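K.L.:
One structure, as structure tokens, below. Some questions next.
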Amino acid sequence: MGLLFGLLGALEYVFPGISKGFISFEKIRPLHVSSVVFWILTAAMGGVLSFLQEHTGSPIRYPKLLKIQWGLFALTFMAILISYLFGIFGGREYWEFHPLFSVPILTAWILFLINIFSSVRNFRNQPVYVWMWLTGVVFFLFTYTESNLWWIPWFRNEIVHDMTIQWKSYGSLVGAWNMLIYGSSIYLMDKISGNSKYSYSALAFWIYFLGLFNGMFNWGHHIYTLPTHGYIKHIAYAVSMTELILFARIIYLWKDSLTTAKKHLHIQSYKFIMSADIWIFITLGLAIAMSVPALNVYMHGTHVVVGHTMGATIGINSMLLLAFVYDQIHGSKKLESYKSMFRIGYSLIQIFLPIFVLSLIVAGFIKGYWQLQEEQSAFSVMMKSLKPYFIVFSISGTGLIVGLLMVIYPAIRSLLSMNSQNN
Amino acid sequence: MKTDQYKLWTLGLLSLAFLGYSFQLYVSPPAEKPKEGKEASLADEGKLLWQEKNCTSCHQFYGLGGHLGPDLTNVSSNRAPEYIEAFLKNGTDVMPNFNLSQHQVNALMEFLAEVDKSGQSDPRTFKLNLDGTLSK
């Protein structure tokens, strides 16, 4: 769904209004965004649930709650997407659905939290990824609740206060789901390498706390141009710059990571982790630049932000989530028969994703330049000038979709085959 | 174990700082809240309508939102009311006609006027400082 509506959305940029007669952009955008967010959330939860069971050696504590959780999420997500088709909204950006849908989502998340905490059983001397899962699940609950504070008139009756809290919740919420995903990726790397020393090390925990610190306090870099409290922006700027530590660490460990890559590249799930590593470097570099207020003003409100988001959600989150999926189907006989399809699909993703992101970044810089001109042409004239970049964006996006489908299809077939064998 | 204690203390301190920061922001709005009355109520109606029609999928306030349409933060001071009403009542080649009633149009206009009063979103109004910060 996310891929289909992403393609339709891209076509709207090339031919604005092309689908207005049957499905206009205010429906296409949330259909794409919500589908992708639901993919990220469900796969992240699935990763945590699978890996936690492997880690503890025991099944999930309350399987009935798990079924209810799954049912609630599945039905709610489907209902939301259907409601979009009928033009039923009421929420905010990224959570455009009618606010009543938040109730089952929150309920299902609480069930997930109960299951995760009770399945850990022993909280002593746990590796960093368990800390990340537990933190992430609580942090998401808080920030998701916070993102619904606008229901209360006090929070929404002044736009700057409203947007401050909105972007505070959004920034931290992404940090929360990243805790789940990065935690699972650390578990998976331990599993692939057969060495869990890192996950218990002081360094791992320092990096975890640095990530959490950023998730909690750097969200203000989304709102540098909002006329809100100055201290929010100063805190965000200072905290965001601590991510340079992570950036420097990636550069420092670059040679070692190549050695590790050579050892494990034959493993399909590792291929996705390596791809995510590269995208973490690229996206982190861009994010740090965007977090400098004086640079942010050139990129804020432009397609550079979209490029960063795509780089993060596809290049990092989706690559890691696909790594988790492929770990679960590793060794499946069905998967063997799709080896060439996987290889071609994976290559297409690595070729087209950089072009896709770059086309957005270039379009964004052109818009940013336009934004700062004393004499500005009309908005429509500026958008027309970006058309060549939107064409590249659409073509590379199509290539990316084909690549993703070529890795998703074998995974679905393998999962279904494994499921029928288990039954 | 002692190391678990250090980790718990660190997590606890971070969490407390975060909660304190959060509640501080909840109770200290950056600008004066609008006084209750007919206009405020109409603006609130306009805001909820803005969400119902999902205008943010194409439009931005303070650079935050969709990219298919222009930023509308200060459209109330930059354009005449008739100009804005024309868009709201008819749509364009790209923007749908939402078949809004006159009351709904008035509510959205009131909401946009409130947003306009909150500040200036034009990035040309910012001054870049050497330390990387921005000022007005």
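K.L.:
Please count how many residues of the range A:258-310 are at pLDDT 95 or above, surrounded by fewer than 21 Cβ atoms within 10 Å (Cβ to Cβ) and of a type in the set (Ser, Thr, Tyr).
P.N.:
1
K.L.:
For the range A:171-228, give me each residue that is surrounded by fewer than 24 Cβ atoms within 10 Å (Cβ to Cβ), among the hydroxyl-bearing types (Ser, Thr, Tyr) and over 22 Å from the mean Cα position of the chain (by Cα).
P.N.:
A:Ser193, A:Ser196, A:Tyr198, A:Ser199, A:Tyr200, A:Ser201 - these are the residues of the range A:171-228 that are surrounded by fewer than 24 Cβ atoms within 10 Å (Cβ to Cβ), among the hydroxyl-bearing types (Ser, Thr, Tyr) and over 22 Å from the mean Cα position of the chain (by Cα).
K.L.:
With the requirement that a residue be hydroxyl-bearing (Ser, Thr, Tyr) and either surrounded by fewer than 22 Cβ atoms within 10 Å (Cβ to Cβ) or out of contact with any Ser or Thr (no Cβ under 9 Å at 6 or more places or on another chain) (or both), what does the range A:311-356 give you?
P.N.:
Once the filter is applied, which keeps residues that are hydroxyl-bearing (Ser, Thr, Tyr) and either surrounded by fewer than 22 Cβ atoms within 10 Å (Cβ to Cβ) or out of contact with any Ser or Thr (no Cβ under 9 Å at 6 or more places or on another chain) (or both), the range A:311-356 yields A:Thr313, A:Ser318, A:Ser332, A:Ser337, A:Tyr338, A:Ser340, A:Tyr346, A:Ser347.
K.L.:
Hey, does the range B:30-44 have a residue that's in a helix (DSSP H, G or I), buried (at least 21 other Cβ atoms within 10 Å of the Cβ) and in contact with a Phe, Trp or Tyr (Cβ under 9 Å, 6 or more places away or on another chain)?
P.N.:
yes
K.L.:
Here's something else I'd like to know. Those residues that are facing another protein chain (nearest Cβ under 8 Å) and in a helix (DSSP H, G or I), I need them from the range A:203-234; list them, please.
P.N.:
A:Phe205, A:Phe209, A:Leu212, A:Phe213, A:Met216, A:Phe217, A:His222, A:Ile232, A:Lys233, A:His234
K.L.:
Here is a follow-up. In the range A:73-107, which residue that is within 20 Å of A:Ser172 (Cα to Cα) and of a type in the set (Gly, Ala, Ser) is nearest to the other protein chains (Cβ to nearest Cβ)?
P.N.:
A:Gly91
K.L.:
Still on this structure: Only one of (1) polar (S, T, N, Q); (2) away from chain B (no Cβ under 14 Å); (3) free of Cβ contacts under 8 Å to residues at least 12 places away in the same chain fails for A:Ser24. Which number is that?
P.N.:
(2)
K.L.:
Which pairs have Cβ atoms under 6 Å, sit 6 or more apart or on different chains, and link a residue in the range B:57-74 that is β-branched (Val, Ile, Thr) to one that is buried (at least 20 other Cβ atoms within 10 Å of the Cβ)?
P.N.:
B:Thr73/B:Phe61; B:Thr73/B:Tyr62; B:Thr73/B:Val115; B:Thr73/B:Ser121
K.L.:
Is it the case that the range B:111-119 has a residue that's free of Cβ contacts under 8 Å to residues at least 60 places away in the same chain, under 27 Å from A:Phe5 (Cβ atoms) and assigned to a helix (DSSP H, G or I)?
P.N.:
Looking for residues that are free of Cβ contacts under 8 Å to residues at least 60 places away in the same chain, under 27 Å from A:Phe5 (Cβ atoms) and assigned to a helix (DSSP H, G or I), one finds none in the range B:111-119, hence no.
K.L.:
Do we have any residue at all in the range B:61-73 that's crowded, with 20+ Cβ neighbours inside 10 Å, part of a helix (DSSP H, G or I) and modelled with pLDDT of 95 or more?
P.N.:
No; the residues of the range B:61-73 include none that is crowded, with 20+ Cβ neighbours inside 10 Å, part of a helix (DSSP H, G or I) and modelled with pLDDT of 95 or more.
K.L.:
B:Pro30 - would you say it is free of Cβ contacts under 8 Å to residues at least 24 places away in the same chain, closer than 17 Å to A:Ser380 by Cα, facing chain A (nearest Cβ under 10 Å) and of a type outside the set (Gly, Ala, Ser)?
P.N.:
No; evaluated as a whole, the condition is false for this residue.
K.L.:
Taking the range A:25-53 on its own, how many of its residues are within 16 Å of A:Phe97 (Cα to Cα) and either of a type in the set (Gly, Ala, Ser) or assigned to a loop (DSSP other than H, G, I, E, B) (or both)?
P.N.:
Residues meeting the conditions: 2.
The values are calculated or read from the model by the stated rules, or taken from the named source; none is laboratory data. Predicted, not measured: the structure shown is a model, and the values here were computed from it. Methodologically, a virtual Cβ is constructed for each residue, glycine included, from the backbone with ideal geometry; neighbour enumeration extends over all protein chains shown.
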